[in-house]
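Written out below as structure tokens is the structure these notes cover.
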Amino acid sequence: MKETVLAAVAWPYGNSEIHAGNLVGSYLPADIFARYHRLKGNRVLMVSGTDSHGTPITVRAEAEGVEPIEVYQRFHKGFLELFQKVGLTYDLFTSTHTENHFEVSQAMFKALLENGFMYKETQKQWYSTAQKRFLPDRYVEGTCYICGYQNARSDQCDQCGNLLDPTKLIDPRTKIDGSSPELRETEHYFLDLGTLQDDIAEFLKARESYWRPNVLRQSLGQIKTEGLRGRPITRDLHWGVPVPVEGWDDKCLYVWFEAVIGYLSASIEWSKIHGDPDAWRAWWKVQDAKTLYFIGKDNIPFHAIIWPAELAGAGGTFDAFFNQGKEEKFVLPYDVPANEFLNLEGKKISGSRNWAVWGLDFLTRYDPDPLRYYLTSVMPETRDADWDWNEFFHRNNDELVATWGNLANRVLSFAFKHWEGVVPDPGELSAQDQALLDSVEKGFETVGVEIEAVRLRSALDEAMRLASEVNKYLDTAAPWKAVKEDKAAAGRTVYVAMKAIDSLKVLFAPFLPFSSQALHTYLGYDGQLFGRQYTEAFKDAVGVHEALLYDPDGAAGTWKKSDLQPGQIFKKPEPLFKKLDVSIVDEERSRLG
Ligand SMILES: [Zn+2]
């Protein structure tokens, strides 16, 4: 039976470039998972976009003297380029700065308000009399009231590490002009998580048996120890989604409240683009849909507590506010397989100190598949991991090239030379031949099970183990020697090895799509394993936004064992991967910092 699968991918913030830590944290695992389900023939939707709002963007814009929209669009452009180069098959990668996202976010807000899960409360907040506006926490600095550090941010002190009550800051000053702000009262909407707590606890307990321990600890664990309290979901800010209530023109929806709604709004936008405006309901309103949220561990509470609370609280009432659809409950997250962090050469990644492997920069010197391979092989699924350039060098040369690339290249080159580009007829297979094929073909089950459970490191290990089996088989059968004495026996071995390689091509395809496609062509097949990525610009009342899309038409790959036939014409192969020189280790290390 076909499954309906949503791969909801973390929204990169539109104020900095993407590095290897971001890729391995959420974007790459989502793509591997989505590609696997595409090969299985399941109904897949993979969505995300650039998180375009909030104070990190306005702070940067003010520092550069430009409009916030320029900041987000500059980085968004880079994201689209990187995601095509590294092969992330988003059905739609859009942004939160679209008319559609505004409408969907506002409908969610109205539904939560209507259902009684919002309340208003007055808070004290710093106000700039010079600029005549309330200042977000990040705009105010001063002296820490705990340790006396003079340059503390109003919400957190970098010296003592404590989270601060912004109103208690000593000698506050605004970051923009250095003037002294004053405390004024301001009213905000709060999401009433306390009232939704029982629903959320029930939702989490139903998933306790299979969620990652860290995700449970930061969600169910938090409910058990502290309980949930209301959180303000509006801000005194102009750059963002307007609050859909009369007299609230000076405020916006808090970026975290609306960014998670992006998963839903992007699905709706994708449906509209494809001329089937209700298509999104298959993933969001039909309860057997499986929805997975690929994120880093710093975002767990937003995806395991706040987003499910928004979905459960808004429920069918959302449909009443959005296009008056049939009122149905939302599908709650099936899994939130959050990854831990990736460090770099033993230290925490830091973009501002250039302690990072930048995606686009990396791809000017290396191909995408070695990046995908190395990142998957160290994927921080259960604990923090480390990018080490020496390890990258070894895994590329000793595993990707030696175990898999050379296997494919050696067999195809040998077959091309001795059988002139025609797959040999094996005659009757021996017990050893059949045992090898059985072992490799069982990979469609063993690798698949691991991918479905989002244990991608182990899935890749298993595929690599099967490639090693083929190498062992060839060492024993030694067709390179046999071809001189018994060409028929050598032909049988070559046929079996080619068939195994043809199956491995599919097993590796979710991880290494570019080299699997090349191999597909060398083996003499026409067409593409996967669909095509393309960008398109869309205009609406909010402005113009460019999006990345995926066209599945013509994708011929299937998660099935090889059906390679004797007599098939194939091509002279090229090496799938490049062997690296050891000098890259020192070269790359010298680029850091
Ligand atoms: Zn302090």
- Item | Projected area averaged over orientations for segment 1-87, convex hull of C-alpha atoms, nm² | 6.0 nm²
- Surpassing 30 Å at the alpha-carbon level, of the pairs K442/K484; K347/K505; K2/K499, are K442/K484; K347/K505
- Note on the structure: segment 356-373 and segment 378-435 have their Cα centres apart by a whole-number Å value of 21 Å
- Do any trypsin sites (Lys or Arg not before Pro) in segment 454-501 lie in a loop, going by DSSP, with at most 10 other beta-carbon atoms within 10 Å of their beta carbon, and if so which? none
- Which listed residue (Q324, Y263, Q287) has the Cα farthest towards the positive end of the charge dipole for segment 253-376, taking +1 on Lys and Arg C-beta and -1 on Asp and Glu C-beta about the Cα centre? Y263
- A correct Kirkwood calculation over the Cα atoms of segment 6-158 returns a hydrodynamic radius in Å of 18.6 Å
- Message: Rounding to the nearest 10 and keeping the result within 0 to 90°, find how far the Cα-based axis of helix 513-522 lies from the longest principal axis of the chain.
- Response: 20 degrees
- Item | Unit charges on C-beta of K, R, D, E only; dipole of segment 136-181, Debye | 20 debye
- Note on the structure: Residues of segment 1-36 with backbone N under 19 Å of the label point set 7 Å from the Cα of E391 along Cα→Cβ are 19-29
- Message: Could you compute Rg(Cα) / (2.2 N^0.38 Å) for segment 234-317, with N its residue count?
- Response: 1.24
- Amide hydrogen neighbours beyond the local backbone of F294, cut-off 5 Å, H modeled: A8, V9, A10
- Message: Give the list, by residue number, of cysteines in the chain with no other Cys Cβ closer than 4.7 Å, or say none.
- Response: C252
- Message: What distance in nm lies between label points placed 7 Å from Cα along the C-beta direction at V582 and C147?
- Response: 4.3 nm
- Between segment 281-313 and segment 531-550, what is the C-alpha centre distance in whole Å? 24 Å
- In degrees, nearest 10, range 0 to 90: what is the angle between the Cα axis of helix 262-273 and the longest Cα principal axis of the chain? 70 degrees
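When N counts the residues of segment 270-423, how does its alpha-carbon radius of gyration compare numerically with 2.2 N^0.38 Å, as a ratio?
1.55
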- accessible surface per residue for segment 350-505, probe 1.4 Å, DNA/RNA/ligands not counted, whole Å² -> 40 Å²
- Gyration tensor (alpha-carbon) shape descriptor, segment 89-145, a/c threshold 1.5: oblate
- Task: Sticking with the crude label model, points 7 Å out along Cα→Cβ, report the distance from I170 to L183 in nm, one decimal please.
- Result: 1.6 nm
- Task: Using per-residue counts of other Cβ atoms within 10 Å, averaged over each peptide, order 510-518, 335-343 from highest down.
- Result: 510-518, 335-343
- Message: Once you order the gyration tensor axes a ≥ b ≥ c over the Cα atoms, which shape class does segment 491-593 get: rounded for a/c under 1.5, otherwise prolate or oblate by comparing a/b with b/c?
- Response: oblate
- Computed log₁₀ I(q)/I(0) - Debye formula, equal Cα scatterers, no solvent, segment 151-293, q 0.11, 0.13, 0.15 Å⁻¹: -0.69, -0.93, -1.13
- Report, please, the projected area of the chain averaged over directions, based on the convex hull of its C-alpha atoms, in nm². 28.8 nm²
- Query: Of the cross-linked pairs K40/K572; K205/K326; K417/K481; K290/K329, which ones have a Cα-Cα span greater than 22 Å in the structure shown?
  - Reply: K40/K572; K205/K326
- Task: Between the alpha-carbon centers of segment 463-486 and segment 117-181, tell me the distance in whole angstrom.
- Result: 68 Å
- Item | Between 0 and 90°, nearest 10: helix 68-85 axis offset from the chain longest Cα axis | 10 degrees
- Message: Using a Förster radius of 22 Å, what is the FRET efficiency between A541 and A320 based on their Cβ-Cβ separation? Nearest 0.05, please.
- Response: 0.45
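The values are calculated or read from the model by the stated rules, or taken from the named source; none is laboratory data. All values derive from a computational prediction rather than experimental measurement. Neighbour counts run over all protein chains shown; Cβ positions are idealised from the backbone, glycine included. Areas reflect the complete protein model, heavy atoms only, side chains present, ligands, DNA and RNA absent. Shrake-Rupley method; radii C 1.70, N 1.55, O 1.52, S 1.80 Å.
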